[in-house]
Amino acid sequence: MPLTLDDLLLRARALVHDDRRAILGIAGSPGAGKTTLAEVLVRELNAGGEPWVAHVPMDGFHLADMELERLGLGDRKGAPSTFDAAGYAALLRRLRAEEDDDIVYAPGFERVLEQPIAGALPVPPTARLVVTEGNYLLLDTGAWARVRRQLDEVWFCELEEAERIRRLVARHERFGKGHDEAVAWVTRSDQRNAALVAATRDRADLVVPTRTLERRQTAS
């Protein structure tokens with residue numbers, strides 16, 4: 001039988017044992033639907049009671065444009081080398097350790113500005129499950145290898161290639177790029193990143209077709 005959203009919700013709930021905080025990672029290529037899946041999981045799991053699931057995307061660890069220009073990486077924004085992977089791993093380790101009862105603040109990412117925003121996402125001590133998502137959760141090189149060690153499971157979000165590219169172009173257009181510029185960026189930069197991410201698929205604990213969410217919406 002096809003995987004359903006209810007299956008995913010049950011599996012996510014089961015990650016929390018003895019009230020110990022768990023961290024679920026959602027990986028996938030640019031435009032595959034990672035953020036949508038994460039937001040649906042958080043919303044559904046938190047429905048009807050006190051919120052106990054938090055969302056901490058990897059995108060808050062983008063290096064700022066000023067630093068990318070200094071490093072000569074302005075045209076590679078979104079590649080693994082344009083993130084603070086060590087900082088991301090350190091935050092996940094802090095979230096898992098629960099060494100104090102304070103709120104942990106994570107950085108967010110402002111799509112209109114295309115810049116990280118410090119201290120944008122509060123994770124309260126009551127959060128028992130943290131859902132984090134990003135392209136490179138399954139990379140095994142450099143500081144990215146530290147990220148995987150902090151995650152209880154990693155799910156790989158997958159979408160048909162033509163549709164993924166169409167959605168990615170549309171997203172770039174929505175946030176200010178002209179059509180030709182959006183297509184050029186996807187072809188030049190995003191597709192290089194997508195190939196790198198696709199090679200990590202076999203390391204995931206579960207592959208989730210993006211159509212899983214669409215089946216739920218159709219059924220309702």
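Computed from the coordinates by the stated procedures, all read-outs in this text should not be read as laboratory data. The model shown is predicted, which means the values in this text are computed figures rather than measured ones. Backbone-built Cβ (ideal geometry, glycine too); neighbour counts: all protein chains shown.
Across the stretch 86-208, the mean sequence separation of Cα contacts (distance under 8 Å, 6 or more residues apart), normalised by length, yields a relative contact order of 25 percent.
With 10 angstrom as the radius, rank W52, W144 by how many other C-beta atoms surround their C-beta, starting from the fewest.
With the fewest neighbours first, W52, W144 line up as W52, W144.
Across the chain, the relative contact order, built from alpha-carbon pairs under 8 Å that are at least six residues apart, equals 32 percent.
With contacts taken as Cα pairs under 8 Å at a separation of at least 6 residues, the stretch 1-117 carries a relative contact order of 25 percent. Quick one: grab the alpha carbon gyration tensor of the stretch 5-205, order the square roots of its eigenvalues as a ≥ b ≥ c, and give me rounded if a/c is under 1.5, else prolate or oblate depending on whether a/b is larger than b/c. Judged from the Cα gyration tensor, the stretch 5-205 comes out prolate (a/c at least 1.5, a/b above b/c). When the chain is treated as a Gaussian network with alpha carbon springs shorter than 10 Å, the biggest mean-square fluctuation among G60, G25, G48 belongs to G48. Modelled label positions at V183 and E50, each set 7 Å beyond Cα in the direction of Cβ, lie 5.4 nm from each other.
For the stretch 130-169, the residues whose backbone nitrogen is under 13 Å from a point 7 Å from the Cα of E98, taken along Cα to Cβ, are 130. A simple spin-label model places pseudo-atoms 7 Å from Cα toward Cβ; at R70 and L10 they are separated by 5.1 nm.
Working note: 222 nm ellipticity from helices only, DSSP H runs with n ≥ 4, each -39,500 (n - 2.57), summed and divided by the residues of the chain, gives -11500 deg cm²/dmol to the nearest 500. Taking trypsin sites (Lys or Arg not before Pro) as exposed when DSSP calls them loop (any state but H, G, I, E, B) and at most 13 other Cβ atoms lie within 10 Å, what is the longest stretch of the chain free of them, the sites themselves excluded? Value returned for the longest uninterrupted segment is 112-220.
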